[in-house]
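> Before I ask anything, let me first share the structure, which is written out below as structure tokens.
Nothing in this text is a laboratory measurement; each read-out follows from the coordinates by a stated rule. Everything numeric here is computed off the predicted structure, so don't read it as measured data. Ideal geometry is used to build each Cβ from the backbone, glycine not excepted, and the neighbour counts take in all protein chains shown.
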Amino acid sequence: MAVVPIAALVSGGGTNLQALIDSQEAGILRSGKIALVVSNNSRAPALERAAKYHIPAVVAEQKNFDSPEGFDRALLETLEEYRIQLVVLAGFLAVLGQPVLQAYPDRIINIHPALLPAFGGKGFYGLKVHQAALDRGVKITGATVHYVDENIDGGKIILQKAVEVREGDTPEILQKRVMEQAEWQLLPAAAELVCRKIAGFEG
Ligand code: GRF
């Protein structure tokens with residue numbers, strides 16, 4: 001069975017992209033292959049990671065388009081050009097428009113650094129998520145991989161992993177623990193699961 005061409009959409013550091021690349025090299029992600037990286041930030045360090053592994057990369061920044069629709073159209077054209085079958089939002093700090101969502105039903109997944117539905121939705125991104133968890137005093141947080149639909153962080157959950165909150169945690173310390181103990185395993189595992197579905201191995 002052919003491997004599923006994956007596009008990783010990024011905005012920043014790209015440690016989740018790195019986790020996908022590493023898991024591909026380790027044979028954990030084997031039903032799909034990262035065929036394209038799209039960044040909406042020309043200065044994202046994630047782009048250097050793509051270059052290092054010779055993965056084609058495209059920069060598409062919203063500010064260079066007249067409208068959100070123009071951005072969506074260009075993104076969709078790029079995804080189609082590379083015959084992408086699964087879109088992985090790996091730290092992508094933008095909301096995808098309807099044309100992209102409709103073209104990829106159950107074919108777009110996102111990693112969120114909390115146990116959804118807690119600490120998700122509009123405004124919950126980056127360190128804000130961890131700050132909110134600490135402010136609330138939760139003792140357990142974690143990460144979630146979910147399908148992307150028109151509701152921000154609201155699509156069906158694919159995988160979750162819990163991570164303990166410790167006394168004295170700062171948002172930065174907690175973010176690092178959630179990445180190391182949850183995100184970097186969860187995203188490749190979920191990508192493999194969904195690729196297997198797409199390729200027809202499972203229901
Ligand atoms: C991660 O915490 C991810 O859960 C969130 O954005 C962050 C991206 O980090 N969606 P990186 O760019 O993968 O290092």
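> I'm checking my understanding of the structure. Among residues of segment 137-169 that are of a type outside the set (A, V, I, L, M), farther than 17 Å from Gly121 by Cα and surrounded by 12 or more Cβ atoms within 10 Å (Cβ to Cβ), which one is farthest from the ligand (Cβ to nearest atom)?
Glu164
> OK, next. Mind telling me which of the residues Glu183, Glu172 ends up being surrounded by fewer than 18 Cβ atoms within 10 Å (Cβ to Cβ) and within 12 Å of the ligand (Cβ to nearest atom)?
Result: Glu172 is the single residue among Glu183, Glu172 that is surrounded by fewer than 18 Cβ atoms within 10 Å (Cβ to Cβ) and within 12 Å of the ligand (Cβ to nearest atom).
> Residue by residue through segment 93-133, note down the ones that are away from the ligand (no atom under 11 Å from the Cβ), among the small types (Gly, Ala, Ser) and either free of Cβ contacts under 8 Å to residues at least 40 places away in the same chain or closer than 19 Å to Ala190 by Cα (or both).
Gly97, Ala103, Ala118, Gly121, Gly123, Ala132
> Output the strands (runs of 3 or more DSSP E) that fall wholly within segment 1-62 and possess 3 or more residues being of a type in the set (A, V, I, L, M), away from the ligand (no atom under 13 Å from the Cβ) and under 16 Å from the mean Cα position of the chain (by Cα), or say none.
Here the list reads 32-39.
> Looking at Phe92, Phe65, which is the one that is of a type in the set (Phe, Trp, Tyr), surrounded by 13 or more Cβ atoms within 10 Å (Cβ to Cβ) and farther than 18 Å from Gly13 by Cβ?
Phe65 is the lone residue from the list that is of a type in the set (Phe, Trp, Tyr), surrounded by 13 or more Cβ atoms within 10 Å (Cβ to Cβ) and farther than 18 Å from Gly13 by Cβ.
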